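See structure below.
The values are calculated or read from the model by the stated rules, or taken from the named source; none is laboratory data. Worth saying up front: this structure is predicted, and the values here are computed from it rather than measured. Cβ sites come from the backbone with ideal geometry, for glycine too, and all protein chains shown count toward neighbours.
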Amino acid sequence: MWRLTDEALLAGFSVGDAGAAETFIARFQSRVYGIALAITHDARLAEDLAQEAFLRAWRHAETFDPRRGSVATWLIVITRNLAVDAMRTQPRSEFLDPDELEWLAPPARETDPGDATVRASDVDWLRRALDDVPDEQRRAVVLAGVLGFTAQDVAEHEHIPLGTAKSRIRLAMDKLRHAQADAEPAR
Amino acid sequence: MSTPSCTSVRERAPDLALGALTGPERAEVVAHLDGCPSCQALVGEYASVADALLDLVPEAQPATELAAPVLAAMQPRGRSRRRHRVAALVAAATLALTAGTGLTVTLVARDGSGNGSTATTSALRSAPMVGAGDVTVGRIVSTGDRPLKLAVSVDYWVPDGHYGLAALDGNGDAKAVGVLEVSGGRGTWSGRATPVDRPVAVQLVDQAGNVVCRGQLA
């Protein structure tokens, strides 16, 4: 099966080619919608935001810079920012609590070595590392990294000083960075 | 704007990677990164973690496919939504790319209902970007709008660097339309061919003025 690179598809999408647009959307819609849904917890709003994310990608394709990451990451960040902006109109209580995000749960540390079908996900190292990070740091980095909070937002949400919020984010990110480096040879 | 020290930038690198800096802070740190490879590398490591955090979020399927409403919203206001099977063939030709480039695929274009096999109607044109030895190194796609909109994609053979994009008119006169950066063997550029009303070809030109590859539109 022949397959266009993400960058080439984006180029076709940017000039309004219907085929490229449809393939681009089909390739990324489950990730885009998944992010919007995870942040808003509202299926209808998430669909609207996902559509808007694709339209922004179409209108602003020239802002994609491959040096700063993949097409997928660029698109996901557009979506996350849209969802976060949409949620800014909502009361703080409407935001998800990081402690309630089931998908952050660490994978089982022990797997049956006889079960060849059990394969580590690419981000299992991150789930494990997050499990090892102190609760308050994990909350801060998830709020910032997944739910798009600024340090000031984290401070207000957690009722802590801005400096403390920044420290928590940095400490957590530093631990995750080291965990990623340690996991690199195994991945 | 003063340039911050490496120590200051390294402290803020996690926040930069997470997008948690304010605009002025971000501008200050980015200005430093332009001239500091070691801080760039550190930010890259944090950015990799930030990307992984987003990868944790599970995928989900919307109740309805998103392509139809997005395609409908892409239609210019006031313009007829005429669709032609001929255009579908052009679109398919556009994206049935050669194996040698790694730009590969056959696309099936559909109408807004998701049932047909037609594509939007602008006078879409497509051509390979061909380098020395007739090697296909990428693709160019153009719309029939005025001024013409172009999308150039390169992902084979062209060395990393900055290249000028020149559009040629029917008389062979070349006008600069933009700069395409190739990084990691790939580069894309899209924009208007404003200086040339009806370009017949587009060329990628290196810093020394050599034509690296060319796409023939007419």
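Some values worked out for this structure:
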{"item": "Hey, A:Ala18 at the interface with chain B (Cβ under 7 Å from one of its Cβ atoms) and within 17 Å of the chain's Cα centre (by Cα) or not", "result": "no"}
{"item": "Elements of type strands (runs of 3 or more DSSP E) in the range B:124-215, at least 2 residues being at pLDDT below 85 and crowded, with 19+ Cβ neighbours inside 10 Å", "result": "B:125-131, B:136-142, B:149-154, B:187-192"}
{"item": "Filter result (touching a residue at least 60 places away in the same chain (Cβ under 8 Å) and crowded, with 23+ Cβ neighbours inside 10 Å) within the range A:39-70", "result": "A:Ile39"}
{"item": "Among (1) at pLDDT below 80; (2) surrounded by fewer than 14 Cβ atoms within 10 Å (Cβ to Cβ) - the single one B:Gly112 does not satisfy", "result": "(2)"}
{"item": "Condition met for A:Asp99 (part of a helix (DSSP H, G or I), surrounded by fewer than 13 Cβ atoms within 10 Å (Cβ to Cβ) and modelled with pLDDT under 70)", "result": "yes"}
{"item": "Verdict on B:Thr121 being buried (at least 16 other Cβ atoms within 10 Å of the Cβ), touching a strand residue (DSSP E or B) at 6+ places or on another chain (Cβ under 8 Å) and either at pLDDT below 70 or not in a strand (DSSP E or B) (or both)", "result": "yes"}
{"item": "Hits in the range B:1-35 - residues which are small (Gly, Ala, Ser) and not in a helix (DSSP H, G or I)", "result": "B:Ser2, B:Ser5, B:Gly19, B:Ala20, B:Gly35"}
{"item": "Hits in the range B:14-54 - residues which are modelled with pLDDT under 90, of a type in the set (D, E, K, R) and either on the phi > 0 side of the Ramachandran plot or surrounded by 15 or more Cβ atoms within 10 Å (Cβ to Cβ) (or both)", "result": "B:Asp15, B:Glu25, B:Arg26, B:Glu28, B:Asp51"}
{"item": "Within the range B:36-77, tally of residues that are touching a Ser or Thr at 6+ places or on another chain (Cβ under 8 Å), small (Gly, Ala, Ser) and either at the interface with chain A (Cβ under 7 Å from one of its Cβ atoms) or part of a loop (DSSP other than H, G, I, E, B) (or both)", "result": "1"}
